[in-house]
Structure formats: structure tokens, C-alpha cells
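Reviewing the structure listed below.
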Amino acid sequence: MPKPLQDEVKQSPYERMLQECLSGELRIVNAGLPQSQKRLAALLNEKYPHVVCNDGSTHLFKKSELEYLASIIDTDEQKALPLPMLIELGANQAEAAIICEGKVEEKIISKALNMPVTCEERRIRIYKPQLALLRRKFKTTTVYVFSPKMVA
Amino acid sequence: MPELIKVRPTKIELVKLKRRLSLAQRVQKIVKDRLSILTMEFLQTARDTVEAKRKLLDELSKLYKALSVAAGYHGYIALEKELIATEVDLKVTAGLGNVAGVRIPSFELMGNTKPMRGYNLVDTSSWLDRAAQLSEEWLRAIVELAELQRNFELLAMEINRTKRITNALEYIVIPRLQATIHYLKMKFEERDREEKARLKRVKVLVARG
């Protein structure tokens, strides 16, 4: 049995560092989230299409990706599509959810994965292998969100 | 047995430790999720890098062949004269992207879709057109490879760092917190038992007295 520890009150530097590291880790994972999303139609008109992230940095979109997206949806849908698309990761490690506003995301994901998908409670649920496929096609137009709510 | 954290054996400390344990467990889940995403991205980037390298080498060998044929057809001096006109400044857009908290570079060749076509089409042959087309493709491939290669390195470094954090949480932080909580609980139970025994003894003494 280890010795009783009544005398020491102060947290050791190691413990303190560990606490800082843990809280830093929570900050890091969602630092790259955009402050606000932009519509595809607006991004197509920008010289350097980008959004500003929570940590003040910029997230640059590739024009080729935006053009690909524009080619698979019509003009009205381009005005409705918010970018970057948010991929939420939570408690279930085998699944990921794409946060969507309407039918446009559904159409895009269906075309990218070549299979029908449905939006339930503003989420399109996909499996991890499908996520890899999706990320391969939309590298800069999707970002990950780590949801502490879902993890708890 | 994991080492105990140095705390006062009080109920407040126990509550604090329980809070820390719950935070550590939540962070562990997030870090594990992040690690799995980073690994997935890393593997994808590795596959893409291999593919991009193979494509680059293929295109380079095709380009040399096409350029040799064009040089044979036109002669070196004439070819060099024509190619002087093709010199253009290439524009590459460089920015940053974010993959699960890792800042990764993103490069894209900008502007003219046919940057190598500045020569006179009347005086040149289709062999030179072919060489120009292949060199354009090669340029795109080299920009793509530069991006992938850097992403590959950055993701690998981040995976290493995240793995260390996961291991520290799994094998040091959480077991220590659990052991200390367990120790404090035992300590409080022991105190309760002592208190009960003391009260019984006092009761006996009072009854005698």
C-alpha cells in the first residue's frame, strides 16, 4: 500500500503542466473551425476564396474544388450551400455526421459517394470508410468538428 | 499500483479529483477520436503521395521523350529560340487548411491554364505541343506533390504527439486519479469505522459510569 499523502497540498509542476496540456488539447481540436460559413456562390467570385477561423487564421479553399462543386449543383443551390461543410465527430467512433442546412448537402454527398443519403435532424450520417472517400474529394471544403457534448 | 497524487485527504479534494477524472476521460475520448481521424488522413495522404510520385515520374519520363523528339525534329537552336518566348511567371496560391487541429499547407497553380504555350504555333510542330502539354501536367503534379509531401510530414508529427498524449492519459493520468480517488474513499471509510468504534467505547464507559 502506498504511503499516505497528507502533507503535500500544492499541485506538482508536472500535474499543472498536464492540466494545461489537457485544456490546450480541447482548444486545439476546434481552433480551425470557421467563425462563419460562406455561400458557394460568394466564394466563386472571390480571388482567394477563404474563411476566417476561430483562432484568427484563414482557411483557404481550392478553386478546383469549388468549381467541381459548382458543376454538380445548379445556380440556386450554389447560393444556398454553406462552406466549409462541417463533419461532426462524436461518441460513436464508427460514424460521422455532416451538419446540413437543406437538400443541397444531401445532393452533393449522394453524388460524391455515389449512393443515396438522407438528412435526419439536420445531420447526414455516414460511416468512416465513406468519410475517407468524401474527404478525398472535398479536402478543403470540409472541416472536422469535435463535439464535447456528444463525447460526454 | 499507480503512483498517488499528492493531495489532502479531504472531501473537497475528493470532489476536485472526481472532476479532474471526468475531464481527463472526456479529453481522452476527444484525443482518441482525433488520433483516429489523423491516422485516416495520414494513410490517405500516404496513398496520394505514392500515387502523385508515380504520376510525376511517369510524366517526367514521357516529357523527356517528347522533348527529345521535338528537339530532334526542330533542332536544338530553333527549339531554344521558340522556348525563350514561353517564359512566364507561374503563380501558385499558397494558403493554410486545417485537419483536426493541424495547420496544413495548400498549394494551387493559378492563372493561365496553358502556361507553356507562348511559342509561335505556325513555326512549330505538334511534337512541341505535346511536350508543352506534358510539361504543364508535370508542373501541376509537382505542385500537388509538394503539398502532399508537407501534409504527410505534418500529419506524422501530429500523430506522434497525439499518441504520446493518449498514452499519458491512458497509462498515467487516469490510473493515478483513479488510484487516488480509491485511496481517499478507503481513508474516509476507515475514518467512519474508527468514529463508530470510538462512539461505542464512549457509550460503554458512560453506561458503566
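Step by step: first the residues of segment A:130-148, then only those that are part of a helix (DSSP H, G or I) and more than 9 Å from chain B (Cβ to nearest Cβ), then the one that is surrounded by the most Cβ atoms within 10 Å (Cβ to Cβ). Which residue is that?
The qualifying residue surrounded by the most Cβ atoms within 10 Å (Cβ to Cβ) is A:Leu134.
Where residues in segment B:15-34 are more than 26 Å from the chain's Cα centre (by Cα) and surrounded by fewer than 17 Cβ atoms within 10 Å (Cβ to Cβ), which of them is farthest from B:Ala100 (Cα to Cα)?
Among those residues, the one meeting the criterion is B:Val15.
Can you tell which of B:Ala156, B:Ala146, B:Ala141 is crowded, with 16+ Cβ neighbours inside 10 Å and of a type in the set (Gly, Ala, Ser)?
B:Ala141
What tally of residues in segment A:95-125 results from selecting those that are surrounded by 14 or more Cβ atoms within 10 Å (Cβ to Cβ) and within 30 Å of B:Leu23 (Cβ to Cβ)?
So the count comes out to 7.
What about A:Leu40, is it under 21 Å from the mean Cα position of the chain (by Cα), farther than 24 Å from B:Val143 by Cα and modelled with pLDDT of 85 or more?
Spelling it out, A:Leu40 is indeed under 21 Å from the mean Cα position of the chain (by Cα), farther than 24 Å from B:Val143 by Cα and modelled with pLDDT of 85 or more.
Which of the residues belonging to segment A:136-147 are of a type outside the set (A, V, I, L, M) and either out of contact with any Phe, Trp or Tyr (no Cβ under 9 Å at 6 or more places or on another chain) or free of Cβ contacts under 8 Å to residues at least 40 places away in the same chain (or both)?
Within segment A:136-147, A:Arg136, A:Lys139, A:Thr142, A:Tyr144, A:Phe146, A:Ser147 qualify.
Restricting to segment A:22-65, name every residue that is away from chain B (no Cβ under 12 Å) and in a loop (DSSP other than H, G, I, E, B).
Of everything in segment A:22-65, those that are away from chain B (no Cβ under 12 Å) and in a loop (DSSP other than H, G, I, E, B) turn out to be A:Gln35, A:Ser36, A:Gln37, A:Asn45.
If only one of A:Ser36, A:Ser64 is out of contact with any Gly (no Cβ under 8 Å at 6 or more places or on another chain), among the hydroxyl-bearing types (Ser, Thr, Tyr), more than 23 Å from A:Arg136 (Cα to Cα) and without any contact (Cβ under 8 Å) to a residue 24 or more places away in the chain, which one is it?
Going through A:Ser36, A:Ser64 in turn, just one is out of contact with any Gly (no Cβ under 8 Å at 6 or more places or on another chain), among the hydroxyl-bearing types (Ser, Thr, Tyr), more than 23 Å from A:Arg136 (Cα to Cα) and without any contact (Cβ under 8 Å) to a residue 24 or more places away in the chain: A:Ser36.
With the condition kept exactly as written, say whether any residue in segment A:113-129 is in contact with a Pro (Cβ under 9 Å, 6 or more places away or on another chain) and either in contact (Cβ under 8 Å) with a residue 60 or more places away in the chain or within 26 Å of A:Cys53 (Cβ to Cβ) (or both).
no
Being assigned to a strand (DSSP E or B) and either of a type in the set (A, V, I, L, M, F, W, C) or on the phi > 0 side of the Ramachandran plot (or both) is the filter here; which residues of segment A:66-99 pass it?
Passing the criteria: A:Leu83, A:Met85, A:Leu86, A:Ile87, A:Leu89, A:Ala96, A:Ala97, A:Ile98, A:Ile99.
What is the residue count in segment A:71-97 for residues that are more than 14 Å from every other protein chain (Cβ to nearest Cβ) and not polar (S, T, N, Q)?
9
For the subset of segment B:9-26 comprising residues that are touching a residue at least 60 places away in the same chain (Cβ under 8 Å) and more than 7 Å from every other protein chain (Cβ to nearest Cβ), which member is nearest to A:Tyr127 (Cα to Cα)?
The selected residue is B:Gln25.
Here is a yes/no grid of residues against (1) more than 14 Å from every other protein chain (Cβ to nearest Cβ); (2) out of contact with any Cys (no Cβ under 7 Å at 6 or more places or on another chain); (3) in a loop (DSSP other than H, G, I, E, B); (4) not charged (D, E, K, R):
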{"site": "B:Lys6", "(1), (2), (3), (4)": "no, yes, yes, no"}
{"site": "B:Gln28", "(1), (2), (3), (4)": "no, yes, no, yes"}
{"site": "B:Thr45", "(1), (2), (3), (4)": "no, yes, no, yes"}
{"site": "B:Lys81", "(1), (2), (3), (4)": "yes, yes, no, no"}
{"site": "B:Ala94", "(1), (2), (3), (4)": "no, yes, no, yes"}
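Being under 39 Å from the mean Cα position of the chain (by Cα), surrounded by 15 or more Cβ atoms within 10 Å (Cβ to Cβ) and not aliphatic (A, V, I, L, M) is the filter here; which residues of segment B:61-85 pass it?
Correct list: B:Lys62 only.
The values are calculated or read from the model by the stated rules, or taken from the named source; none is laboratory data. Computed from a predicted structure; not experimentally measured. Every residue, glycine as well, gets a Cβ built from its backbone with ideal geometry; the counts of neighbours run over all protein chains shown.
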